[in-house]
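One structure below.
The values are calculated or read from the model by the stated rules, or taken from the named source; none is laboratory data. Computed from a predicted structure; not experimentally measured. Using ideal geometry, Cβ is built from the backbone for each residue, glycine included, and neighbour counts are taken over all protein chains shown.
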Amino acid sequence: MKKSVLFLFTALVALVFFAACQKEDDRNQKNESSLRFTSVKPNSLDVNEKPFTIDLAGIYCNYLYIGVTYTGGQRGHEFIVAWDGLVQQIGEKKFIDLKVYHKNVGDNGTNQITDSLMLELKQLKISEELMKDKNLYFNVINSSDLSNVKVIQAYIPEDGGTTTDPNLFENVEVEVVSQGDCSKGVFENLWLKNSSNEIFYIPKAVESNINYTPTLNDRLKISFERTWFSDSTIYCSSWTGKQVEVINIKALVKVQ
């Protein structure tokens with residue numbers, strides 16, 4: 001059964017990839033959309049005038065492919081992938097945030113367009129050593145809806161890669177710390193800090209069966225799922241220079 005699912009997924013990836021290739025090679029096609037890379041965040045006035053949805057994302061051969069849906073139809077659209085060069089690490093897993101922006105093109109069409117776009121991985125300028133790390137994942141993030149995220153394994157080895165969920169973490173030791181100028185999350189101005197490194201966690205939600213009232217300096221062992229806030233205005237200026245993860249807590253034990 002597992003092989004059948006893997007075969008179907010591979011076939012879907014191949015179908016999207018070759019559809020994108022065919023579109024790229026068709027010189028007579030009008031309204032062709034494109035995907036390009038930048039290391040600099042685009043000006044907010046130049047992007048996301050119209051919302052879009054990331055339907056799927058993946059790696060095929062040496063390409064990042066992204067499936068998107070948006071409204072238009074009068075002209076080609078341009079999508080931008082931005083990476084600031086930072087690599088986040090939680091345990092053995094490494095994550096690169098690839099934010100996708102929809103450039104304003106003045107298209108007043110009302111048709112719903114489903115498109116498949118490709119970007120050569122070498123354009124990201126990731127080192128070969130890191131690119132072949134089986135613990136490396138891309139967070140492909142819709143910049144107009146931060147809850148629309150596709151997490152994909154960046155390098156898939158010959159054995160088929162990992163089948164574990166890259167967003168799930170178990171038995172992580174943390175302590176409760178204060179961030180007085182940032183009261184987001186279910187614990188308000190109390191964050192969690194990893195006991196062994198400088199990673200901070202903001203709980204977005206806690207399982208209903210967990211009965212816990214946070215107290216400063218509490219030591220906890222938690223299992224959690226990485227998630228995102230949907231609204232960029234939720235982010236605080238105090239996050240600057242810190243690795244901050246938004247999480248849903250699945251299990252929690254107080255450590256004496």
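If I filter the stretch 127-137 for residues that are under 16 Å from residue 97 (Cα atoms) and free of Cβ contacts under 8 Å to residues at least 12 places away in the same chain, do I get at least one hit?
There is at least one residue in the stretch 127-137 that is under 16 Å from residue 97 (Cα atoms) and free of Cβ contacts under 8 Å to residues at least 12 places away in the same chain.
Show the residue pairs meeting these rules: Cβ distance below 6 Å; 6+ apart or different chains; first residue within the stretch 47-74 and more than 30 Å from residue 156 (Cβ to Cβ); second residue surrounded by 15 or more Cβ atoms within 10 Å (Cβ to Cβ) and acidic (Asp, Glu).
If the second residue must be surrounded by 15 or more Cβ atoms within 10 Å (Cβ to Cβ) and acidic (Asp, Glu), the pairs left are 72/107; 74/107.
Go over the candidates 111, 171, 194, 211 one by one and state the one that is modelled with pLDDT of 90 or more and out of contact with any strand residue (DSSP E or B) (no Cβ under 9 Å at 6 or more places or on another chain). Talk me through it step by step, then tell me what you get.
Numbers: 111 fails: out of contact with any strand residue (DSSP E or B) (no Cβ under 9 Å at 6 or more places or on another chain); 171 fails: out of contact with any strand residue (DSSP E or B) (no Cβ under 9 Å at 6 or more places or on another chain); 194 fails: out of contact with any strand residue (DSSP E or B) (no Cβ under 9 Å at 6 or more places or on another chain).
211 is the lone residue from the list that is modelled with pLDDT of 90 or more and out of contact with any strand residue (DSSP E or B) (no Cβ under 9 Å at 6 or more places or on another chain).
Considering (1) over 26 Å from residue 200 (Cα atoms); (2) among the aliphatic types (A, V, I, L, M); (3) crowded, with 19+ Cβ neighbours inside 10 Å, say which one residue 113 fails and leave the rest.
With respect to (1) over 26 Å from residue 200 (Cα atoms); (2) among the aliphatic types (A, V, I, L, M); (3) crowded, with 19+ Cβ neighbours inside 10 Å, residue 113 is out only on (3).
Return the residues of the stretch 85-98 that are charged (D, E, K, R) and within 11 Å of residue 138 (Cβ to Cβ); say none if nothing qualifies. Even if it seems obvious, please write down each step before you answer.
If we filter the stretch 85-98 for residues that are charged (D, E, K, R), which is where we start, we get 92-94, 97.
Those that are charged (D, E, K, R) and within 11 Å of residue 138 (Cβ to Cβ): 94, 97.
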